[in-house]
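One structure is given below, encoded as structure tokens.
The values are calculated or read from the model by the stated rules, or taken from the named source; none is laboratory data. Keep in mind the model is a prediction, meaning the values are calculated, not measured. Here Cβ is always computed from backbone atoms with ideal geometry, including for glycine, and neighbour counts include all displayed protein chains. Please note that ligands, DNA and RNA were not included when accessible areas were found on the heavy atoms of the full protein model with its side chains. Shrake-Rupley method; radii C 1.70, N 1.55, O 1.52, S 1.80 Å.
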Amino acid sequence: MPTRTIIHIDEAKCTGCGACIVNCAEGALAIVDGKARIVRDSFCDGLGACLGHCPEGALTLIEREAEPFDEEAALAHAARAAAPLACGCPGSHAMTLHAPAAAPEASAPAAAASALGHWPVKLRLIPESAPFLRGASLLLLADCAAAASPALHRQFLPGRAVALACPKFEEREANREKLARILGEAGIRDLTVLEMEVPCCAGLSSLAAQAIGQAQCSIPARRVILAREGSVLREEPLARGL
């Protein structure tokens, strides 16, 4: 087997965010057990188009024995993979969730009050000097999680300031810088990151961990991961090494 240039993935650094997958035109990468993996050596052209898109620096080019690049097979594989996944990300797979049917109007309970205590709510729009941030418990909320969680106003919002962000479609560096400034200047008391189970959403926890490090603050921080239908899959301390 010939020796050639090919992608190497540092599993210790990989968070499974999926950014590399979106930027691999040949479909050579996939998320397996929460980590990026090479699907097949012959699908990787070794040019490294995915390198600059990994926020953790987990991708490098190395020389090793590998099957020769098969462009025709790689592009055919990429076309098949893209059919159900519009952007190549596992989190984009369309599915129907079985929400309960709406109750008849006559028997519908009184609407629950909103627990939202401020405006604006998008991270990029929140002024760093906003009074509601001073000494607040902060909820960093993935945009999709806001739609998925039936318990958002009952369980997660009360008593917290909230900042919405999308780790996939918004500029990562700008959001990280903004969050770091808020954490460093507002005296945030603690941080909860509420994100979806899909791989691309894990970038929100990574962003938060980096912002905490940049702000050089030591606050309690946790990560809450929701299933697509809104149930809590797990809660865990935010890993500071993300």
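Based on the Cβ-Cβ distance from residue 64 to residue 112, what FRET efficiency comes out when R0 is 45 Å, to the nearest 0.05? Efficiency, rounded to the nearest 0.05: 0.20. Cβ under 14 Å from residue 149's Cβ, residue 149 left aside: what net charge do those residues give with Lys, Arg +1 and Asp, Glu -1? In short, -2. Using a ≥ b ≥ c from the Cα gyration tensor of the stretch 139-213 (square roots of the eigenvalues), is it rounded, prolate or oblate, where a/c under 1.5 gives rounded and otherwise the larger of a/b and b/c decides, a/b for prolate? Verdict is oblate for the stretch 139-213. Within the listed set 32, 224, 232, the residue fluctuating most in the Gaussian network model of the chain (springs between alpha-carbon atoms under 10 angstrom) is 32. Extension gain, residue 154 to residue 122: 0.36 nm times the residue separation minus the Cα-Cα distance gives 9.5 nm.
Within the accessible area of the chain, the carbon and sulfur atoms contribute 56%, probe 1.4 Å, all protein chains present.
Our estimate of slack between residue 76 and residue 33, defined as 0.36 nm per intervening residue step minus the Cα-Cα distance, is 13.0 nm. Maximal additional length on extending the residue 12-residue 51 stretch stands at 12.4 nm, based on 0.36 nm per residue less the C-alpha distance. Hull volume per residue, based on the alpha-carbon atoms of the stretch 1-60 and their convex hull, is 79 Å³.
The alpha-carbon atoms of the chain define a convex hull whose volume equals 130 cubic angstrom per residue. Taking label points 7 Å from Cα along the Cα-to-Cβ direction, residue 235 and residue 147 give a separation of 2.6 nm. Helix 172-185 and the longest principal axis of the Cα set of the chain meet at an angle near 40°. The accessible-area ordering, largest first, of the residues 192, 3, 15, 60 stands as 3, 60, 15, 192, per a 1.4 angstrom probe. Entry comment: accessible area of the chain is 51 Å² per residue, from protein heavy atoms only and a probe of 1.4 Å.
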